[in-house]
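Enquirer: Dumping the structure here so I can ask a few things about it.
The values are calculated or read from the model by the stated rules, or taken from the named source; none is laboratory data. A quick note: this is a predicted structure, and the numbers were derived from the prediction, not measured. All Cβ positions, glycine included, derive from the backbone under ideal geometry; neighbour counts span all protein chains shown. Ligands, DNA and RNA are excluded from the accessible area calculation, which covers all protein heavy atoms including side chains. Shrake-Rupley method; radii C 1.70, N 1.55, O 1.52, S 1.80 Å.
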Amino acid sequence: VADRRSHARHDRFAISAALGGGSLPGTVATCPACGALHADLLAIRDAVRCAWLPTLPRELRLPAVTAERLRPSGWRGFVRAIGSSRDAVTRPLAMSLVGLGLAGLLLTALPTASFSFGSAGAMRQESSTTGDPAPAAGAIGITGQATTPSTGDVDRGLASTNASAPGDERLLALSAVLLASGSTLLIVRRLAAPQVTMR
Amino acid sequence: MLDSPRFTSASIAVRRDPPTVEDLRSTTVPDDPVQRRDLILIERARSGDLDAFNDLVTLYQDALFALVVRMVPDRDQAADAVQEAFFSAYRNLEAFRGGNVKSWLNRICVNAAMDTQRARKRRPVQPYPELEDEAWQPKAGDETDPERIAIHTERSRALAAAMAHITDDQRTAIVLYDVEGYDYTEIAEMTGVSLGTVKSRIHRGRLALRDLLEDRMELFRG
C-alpha cells in the first residue's frame, strides 16, 4: 500500500519522456511500479513499430482519365492554373484592371459634370453682365426656376461639349475595356476554383 | 509488410533525413541513388509522363498506407486517404521544391489522414471493422512457427484495438514520433500545434495505451 501511495506521486510523464531520449527518472530504479511502467511502455512502443497491419486493399496507380482531370492540359490547364490559390499574378492583375477601369470611368464622367456646372455659372455671370434676363440651362434645378435659355447660350455650351468629346470617348472606351477584362478575369478565377475536385 | 526490408530501410531513411527546403534540382545531384531516382521520376512526371508518377505510386504506396492505416483505423478509409494524397501530389507536382520525395509524400499523406480523421468525427464508423479479416495475416515467409504467428497476430489485434480507443491526435503524434521518427518540432509543424501539445499528446497517448493493454501485457513481454 505504501508503495502504491508513493508511486501515485511519481511523474509518469517523465518516464514516458525518457523513451524519447530524455534522462531516466530515478524512480524507475527505486519504484517497482515505475520500473514496470517503463518496461511496458518500451514493449508497447516496439510493438507499435512492428505490428502487422492490414494490407493495401487496392492498387493506387492513377488511370489516365483521372490524371487528365487532375492536371488538365491546354485551355483547361490554363483556367485551372489561374483558379489555383498558388496563382499570385492574375488576382492582383484583375484587381488593377478593374481599378483602372473604374478610375477611367470616373475621369470621363467628372469633366462632363464639372462642365455642366461650370458652364452654368459662366453663363449666369455672362447674362448678368449683358443684362440678359434668361438664366443658363444648367441653372435649372439649382435655382429652382424653370426658365428657357437663349439659343446662343445653348449653342455655345454644345460646341464646347463637342470639342472635348473625342478624347473622352477614347478614355471611356479604354476604361470600359479595362473594366470588362478585369471583371472577366475575376469571374474566370471564381469559376475555375471549384472545378478542382479530387475525384 | 512492415517487416519487409524495403519498408524498414525506407523508415530509417525518413528518420535520418529530415525534410530539406532547398531546391536540389538546379544546384546539386543527390548522392543517394533512391533520392536521385525519385527526383528523376518527379521531373518526368512534371513533364507529363504519367508512367513515371505511377512508378512513384508503386514504390511508395505500401509504406504510405502503413503510415496512414495506423492513423486512420479503417483499411478502406486509409486507402482512400493515401489515394487522395497521391491525387494531391500529382496535382501539385510544381510545388515540389526538391529535397526528399518520400518526406514530401509523407507530409501530404499525414495531411490527408488528418482530413480523414476530421471527416470520421462527423461520420463515425466502427473502428477496424475488418479485424477478423484475412488481411491481418502475416505475409508468407515472415513467420514459420505457428505459435509465434498466433502470438504476433493476437498482439497486433490487441494493439490495433487499443490504438483505436485513444484520440486521433494522440494516435497521430505517437505514429509520427515512435514509428516515423519525426522529432517534436517537425510534428508540431505538421499538425499545426505547439511543441508542448505534441509532447503532451505523445505521453498521454502512451500512458493511455498502457492502461488499455494492462491486462494483456503478457502478449508484449518477451
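Results for (1) open to solvent by 30 Å² or more (accessible area, probe 1.4 Å); (2) within 30 Å of B:Asp62 (Cβ to Cβ); (3) more than 9 Å from chain B (Cβ to nearest Cβ), shown as yes or no for each residue.
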position: A:Ala8; (1), (2), (3): yes, no, yes
position: A:Phe13; (1), (2), (3): yes, no, no
position: A:Leu19; (1), (2), (3): no, yes, no
position: A:Ser23; (1), (2), (3): yes, no, yes
position: A:Gly26; (1), (2), (3): yes, no, yes
position: A:Ala39; (1), (2), (3): yes, no, no
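Enquirer: Being more than 30 Å from A:Asp87 (Cα to Cα) and modelled with pLDDT of 75 or more narrows it down to one residue among A:Leu191, A:Leu171, A:Leu185, A:Leu179; which is it?
Expert: Details: A:Leu191 fails: more than 30 Å from A:Asp87 (Cα to Cα); A:Leu185 fails: more than 30 Å from A:Asp87 (Cα to Cα); A:Leu179 fails: more than 30 Å from A:Asp87 (Cα to Cα).
A:Leu171 is the lone residue from the list that is more than 30 Å from A:Asp87 (Cα to Cα) and modelled with pLDDT of 75 or more.
Enquirer: What number of residues within region A:1-54 are among the polar types (S, T, N, Q) and not in a helix (DSSP H, G or I)? Working first, answer last.
Expert: So the first thing to find is which residues in region A:1-54 are among the polar types (S, T, N, Q), and the list is A:6, A:16, A:23, A:27, A:30.
Filter once more, so that each one left must be not in a helix (DSSP H, G or I): A:23.
Adding up the residues that qualify gives 1.
Enquirer: Can you say whether B:Ala10 is under 16 Å from the mean Cα position of the chain (by Cα), within 14 Å of chain A (Cβ to nearest Cβ) and either surrounded by 12 or more Cβ atoms within 10 Å (Cβ to Cβ) or modelled with pLDDT under 90 (or both), as far as the supplied structure shows?
Expert: yes
Enquirer: Next question. Go through region A:28-37 and count every residue that is more than 11 Å from chain B (Cβ to nearest Cβ), surrounded by 14 or more Cβ atoms within 10 Å (Cβ to Cβ) and out of contact with any Lys or Arg (no Cβ under 9 Å at 6 or more places or on another chain).
Expert: Pass one, region A:28-37, residues more than 11 Å from chain B (Cβ to nearest Cβ): A:28-35.
Right, trim to surrounded by 14 or more Cβ atoms within 10 Å (Cβ to Cβ) and you get A:28, A:31, A:33-35.
If we keep only those that are out of contact with any Lys or Arg (no Cβ under 9 Å at 6 or more places or on another chain) too, we end up with A:28, A:31, A:35.
Residues meeting the conditions: 3.
Enquirer: In addition: So, in region B:71-91, of the ones that are open to solvent by less than 10 Å² (accessible area, probe 1.4 Å) and more than 7 Å from chain A (Cβ to nearest Cβ), which residue ends up modelled with the lowest pLDDT?
Expert: B:Pro73
Enquirer: Identify the residue in region A:47-68 that is more than 7 Å from every other protein chain (Cβ to nearest Cβ) and without any contact (Cβ under 8 Å) to a residue 40 or more places away in the chain and, among all such residues, is surrounded by the fewest Cβ atoms within 10 Å (Cβ to Cβ). Break it down into steps so the answer makes sense when it comes.
Expert: Within region A:47-68, the first condition is being more than 7 Å from every other protein chain (Cβ to nearest Cβ), and the residues that meet it are A:59, A:63, A:65-66, A:68.
Remaining after also requiring without any contact (Cβ under 8 Å) to a residue 40 or more places away in the chain: A:59, A:63, A:65, A:68.
Details: A:Glu59: 11, A:Pro63: 10, A:Val65: 8, A:Glu68: 14.
Checking each candidate, the answer is A:Val65.
Enquirer: Then there is this: Confirm whether B:Gln126 is within 12 Å of chain A (Cβ to nearest Cβ) and modelled with pLDDT under 85.
Expert: So B:Gln126 fails the test.
Enquirer: Next question. List the residue pairs whose Cβ atoms are under 8 Å apart, where the first residue sits in region B:174-195 and is more than 23 Å from A:Asp46 (Cα to Cα), the second is open to solvent by less than 40 Å² (accessible area, probe 1.4 Å) and of a type in the set (Gly, Ala, Ser), and the two are 6 or more positions apart or on different chains.
Expert: B:Thr191/B:Ala173; B:Ser194/B:Ala188; B:Leu195/B:Ala188
Enquirer: Okay, moving on. Out of the residues in region B:154-169 meeting the condition of being open to solvent by less than 30 Å² (accessible area, probe 1.4 Å) and touching a residue at least 24 places away in the same chain (Cβ under 8 Å), tell me which one is nearest to the other protein chains (Cβ to nearest Cβ).
Expert: The first filter runs over region B:154-169 and keeps only residues open to solvent by less than 30 Å² (accessible area, probe 1.4 Å), leaving B:156, B:158-160, B:162-164, B:166, B:168.
If we keep only those that are touching a residue at least 24 places away in the same chain (Cβ under 8 Å) too, we end up with B:158-160, B:162-164, B:166, B:168.
Working: B:Ala158: 9, B:Leu159: 5, B:Ala160: 7, B:Ala162: 8, B:Met163: 8, B:Ala164: 13, B:Ile166: 11, B:Asp168: 15 Å.
Only one residue tops the list, namely B:Leu159.
Enquirer: Can you tell me which residue in region B:176-190 is farthest from the chain's Cα centre (by Cα), limited to those that are under 23 Å from A:Leu53 (Cα atoms) and buried (at least 18 other Cβ atoms within 10 Å of the Cβ)?
Expert: Taking the candidates together, the pick is B:Ile187.
Enquirer: Identify the single condition in (1) part of a helix (DSSP H, G or I); (2) open to solvent by less than 10 Å² (accessible area, probe 1.4 Å) that B:Gly99 does not satisfy, given that it satisfies every other one.
Expert: (1)
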